Amino acid sequence: MKIIETTKWEDFWENQEKQAAIHRYIRRMAYGLCRNSATAKDLAQETFLIAFNKRDQLKNPEKIKPWMFVIMRNLFLGIQEKAKGKIFEDYNDLEDLIPSPAPPCNDGFSDEVAKARENVPAKYRVPLELAVISDLSYKEIAEMLDIPIGTVMSRISRGKEMMRLALGRQAKRQTTNAESG
């Protein structure tokens, strides 16, 4: 599904349907990186601000999703890098590092699949989500994440296997609970 069919950035910003689709995509990917609703919202807003300010750097508006994802990923990595050496003065400073109790976006998947997805480490989950949810090619994912295509294929494969194992464990627990209950 192509979200942007025009060739002008201004046309994109004037189309509310396209804006909403990109905003949902960026928020979903931000949550996938952060695992915290409030931080994901902030990351998505900052991504849109930077994208808008650097809109003249976007050569092909049809590539807005990968372009904005790269901006978001770089912001996220910068935040993580700054947090490494940060000294927290009180417990309120730790709020962004604690996962939010808000349920993740299920993207139309069952609760079991969403729960299994939550437990896959970001290293494997992000490429898997980009392939399955965003329907991007391995080449596009490799470019977005700045990793070799073989690494993308390997991480997606491992992420799928982790999902399979987690779903198998969940099914086994449900069967055991049903038999004992």
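Each row is one residue, and each column tells you yes or no for (1) over 19 Å from R28 (Cβ atoms); (2) modelled with pLDDT under 80; (3) of a type in the set (V, I, T); (4) exposed (fewer than 11 other Cβ atoms within 10 Å of the Cβ).
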site: D93; (1), (2), (3), (4): yes, yes, no, no
site: A102; (1), (2), (3), (4): no, yes, no, no
site: R117; (1), (2), (3), (4): no, no, no, no
site: P121; (1), (2), (3), (4): no, no, no, no
site: I149; (1), (2), (3), (4): yes, no, yes, no
site: E161; (1), (2), (3), (4): yes, no, no, no
site: L167; (1), (2), (3), (4): yes, no, no, no
site: E179; (1), (2), (3), (4): yes, yes, no, yes
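Does region 123-139 include one or more residues that are at pLDDT 55 or above, among the basic types (K, R), within 19 Å of T39 (Cβ to Cβ) and surrounded by 15 or more Cβ atoms within 10 Å (Cβ to Cβ)? Checked region 123-139: at least one residue is at pLDDT 55 or above, among the basic types (K, R), within 19 Å of T39 (Cβ to Cβ) and surrounded by 15 or more Cβ atoms within 10 Å (Cβ to Cβ).
The values are calculated or read from the model by the stated rules, or taken from the named source; none is laboratory data. None of these values were measured; they are calculated from a predicted model. Cβ: placed from backbone, ideal geometry, glycine included. Neighbour counts: every protein chain shown.
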